[in-house]
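Contents: one structure, followed by commentary.
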Amino acid sequence: MEQRKSIDAYIAVGSNIEPERHITQALDRLQEYAHIKGVSTFYRNAPIGRPEQSEFLNGIWQIETDIAPRRLKFGVLRRIEAELGRTRTEDKYAARTIDLDIALYGSEVIEEDDLHIPDPDIRRRPFIAVPLLELAPSLILPNTGEPLSSLDIVKVHEDLEPVYSFAENLRERIKA
């Protein structure tokens with residue numbers, strides 16, 4: 001089997017069920033599979049279309065990995081979600097213990113039924129775009145050639161409340 005070269009990937013992270021606990025546990029588990037290179041500021045924000053739900057905490061982790069994108073998503077991230085009690089239903093906006101998605105995987109562009117890289121939500125969701133810009137300020141979106149910093153979504157994000165202390169606690173957990 002061919003050895004893949006290590007590349008940088010960005011993982012979008014979110015939770016609105018005991019988020020501090022579940023996000024911390026997810027970080028610890030992900031470190032068993034990949035080197036965590038960076039942790040963005042995490043942001044508290046309202047759930048999409050669900051005012052009755054608890055607020056989310058969302059952020060981005062930068063990782064270095066040689067795990068192929070499909071295996072990373074379905075063999076690692078989905079496994080961590082299941083271990084932390086995530087139940088997937090038809091309702092894509094249901095409350096969740098943890099949500100882990102590949103936002104970017106190097107400069108790869110993948111358009112498959114169940115795998116989209118870059119994550120299309122980068123262009124639609126400030127809770128993905130803003131923390132991604134923090135970790136990768138000169139990022140060019142590989143599918144469009146646009147600088148992330150040029151997107152309107154990163155300029156208007158008053159609905160995001162930064163939770164600096166939580167992000168700092170996560171950074172302290174990263175293994176050297």
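The values are calculated or read from the model by the stated rules, or taken from the named source; none is laboratory data. Being a predicted model, the structure only gives us computed values, none of them experimental. Here the Cβ is made from the backbone with ideal geometry for all residues, glycine too, and neighbour counts use every protein chain on show.
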Which numbered condition Tyr93 misses (of (1) out of contact with any helix residue (DSSP H, G or I) (no Cβ under 7 Å at 6 or more places or on another chain); (2) at pLDDT 95 or above): (2)
task: Identify all residues within region 110-147 that are among the hydrophobic types (A, V, I, L, M, F, W, C) and out of contact with any His (no Cβ under 9 Å at 6 or more places or on another chain); write none if there are none.
output: Leu115, Ile117, Ile122, Ile128, Leu132, Leu133, Leu135, Ala136, Leu139, Ile140, Leu141
message: Tell me the residue from Ile11, Ile60, Ile36, Ile23 that is touching a strand residue (DSSP E or B) at 6+ places or on another chain (Cβ under 7 Å), in a helix (DSSP H, G or I) and of a type in the set (Val, Ile, Thr), please.
response: Ile23
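Out of the residues in region 127-142 that are free of Cβ contacts under 8 Å to residues at least 40 places away in the same chain and in contact with a helix residue (DSSP H, G or I) (Cβ under 9 Å, 6 or more places away or on another chain), which is nearest to Leu100 (Cα to Cα)?
Ala129
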query: Could you say whether any residue in region 111-123 is surrounded by 19 or more Cβ atoms within 10 Å (Cβ to Cβ), more than 24 Å from Glu146 (Cα to Cα) and either touching a Phe, Trp or Tyr at 6+ places or on another chain (Cβ under 6 Å) or at pLDDT 95 or above (or both)?
result: no
